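Below is one structure, written out as structure tokens, with a few remarks after it.
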Amino acid sequence: MRITTTVNGTEHEVDDVWPGESLLYVLRERMGLPGSKNACEQGECGSCTVYLDGEPVCACLVAAGQAQGREVRTVEGLADGDRLHPVQEAFVECGAVQCGFCTPGLLIAAHDLLARVPHPSDLEIREALAGNLCRCTGYEKILDAVRLAADRQARS
Ligand code: FES
Ligand code: FES
């Protein structure tokens, strides 16, 4: 089957997609967008999180055919060309990027949180990131990064 999907503002056509292929596979292996990570492939870790029509989803659980005619935004699409998004900058500055495997999913989750809740409490941050597992287990810097991004957003 052929699918046509808009990814980070650009329309992509992919041929010969088989029914069991995931959106994550198509993004990484066919479109050359390796930002979304494949860690569990079971919807457990959040490393593959992308926006699908503006809603964060686990791309490993979305069949590629479900993305037909829809809009996908990946972690690559948060940046503005070479300029990182403020949430991405905050992760770098706070040392929240450890091995980096969970980082793309956390960035989408944090970006989504700050779009919905500009001044999140610590509890709201923890709840928003609860579906994203960091195997390095250093969550404090990740929380610092989201707080910093929220502060900057409030001042801008
Ligand atoms: S790789 Fe999709 S949730 Fe873990
Ligand atoms: S930074 Fe290593 S899994 Fe999160």
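The values are calculated or read from the model by the stated rules, or taken from the named source; none is laboratory data. Owing to the predicted nature of the structure, the values given are computational and were not obtained by experimental measurement. Cβ coordinates were reconstructed from backbone atoms using ideal geometry, including for glycine residues, and neighbour counts include every protein chain displayed. Ligands, DNA and RNA are excluded from the accessible area calculation, which covers all protein heavy atoms including side chains. Shrake-Rupley method; radii C 1.70, N 1.55, O 1.52, S 1.80 Å.
Below, the figures for the structure above:
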item: The lone exception for residue 74 - which of (1) away from ligand 1 (no atom under 11 Å from the Cβ); (2) open to solvent by 20 Å² or more (accessible area, probe 1.4 Å); (3) within 17 Å of residue 9 (Cα to Cα) it fails; result: (2)
item: Residue identified as more than 16 Å from ligand 1 (Cβ to nearest atom), at pLDDT 95 or above and small (Gly, Ala, Ser) among 54, 105; result: 54
item: Matching residues, the stretch 62-75, being assigned to a strand (DSSP E or B) and under 12 Å from the mean Cα position of the chain (by Cα); result: 72, 73
item: Qualifying positions in the stretch 39-53 - open to solvent by less than 50 Å² (accessible area, probe 1.4 Å) and away from ligand 2 (no atom under 16 Å from the Cβ); result: 43, 50, 51, 52
item: Subset of the stretch 131-156 that is open to solvent by less than 70 Å² (accessible area, probe 1.4 Å) and not in a helix (DSSP H, G or I) - its residue that is farthest from ligand 1 (Cβ to nearest atom); result: 138
item: Scope the stretch 1-38; condition touching a helix residue (DSSP H, G or I) at 6+ places or on another chain (Cβ under 6 Å) and open to solvent by 90 Å² or more (accessible area, probe 1.4 Å); matching residues; result: none
item: Of all residues making up the stretch 100-117, the number that are open to solvent by 30 Å² or more (accessible area, probe 1.4 Å) and either part of a loop (DSSP other than H, G, I, E, B) or among the aromatic types (Phe, Trp, Tyr) (or both); result: 2
item: Qualifying residue in the stretch 55-68 (condition: open to solvent by 10 Å² or more (accessible area, probe 1.4 Å), more than 15 Å from residue 27 (Cα to Cα) and small (Gly, Ala, Ser)); result: no
item: Residue in the stretch 88-96 that is of a type in the set (S, T, N, Q), assigned to a loop (DSSP other than H, G, I, E, B) and open to solvent by less than 70 Å² (accessible area, probe 1.4 Å) present; result: no
item: Residue list for the stretch 126-139, filter: at pLDDT 95 or above and either over 19 Å from residue 48 (Cα atoms) or basic (Lys, Arg) (or both); result: 126
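Quick grid of which residues meet (1) touching a residue at least 24 places away in the same chain (Cβ under 8 Å); (2) part of a strand (DSSP E or B):
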{"position": "26", "(1), (2)": "yes, no"}
{"position": "32", "(1), (2)": "no, no"}
{"position": "45", "(1), (2)": "yes, no"}
{"position": "51", "(1), (2)": "yes, yes"}
{"position": "60", "(1), (2)": "yes, no"}
{"position": "77", "(1), (2)": "yes, no"}
{"position": "98", "(1), (2)": "yes, no"}
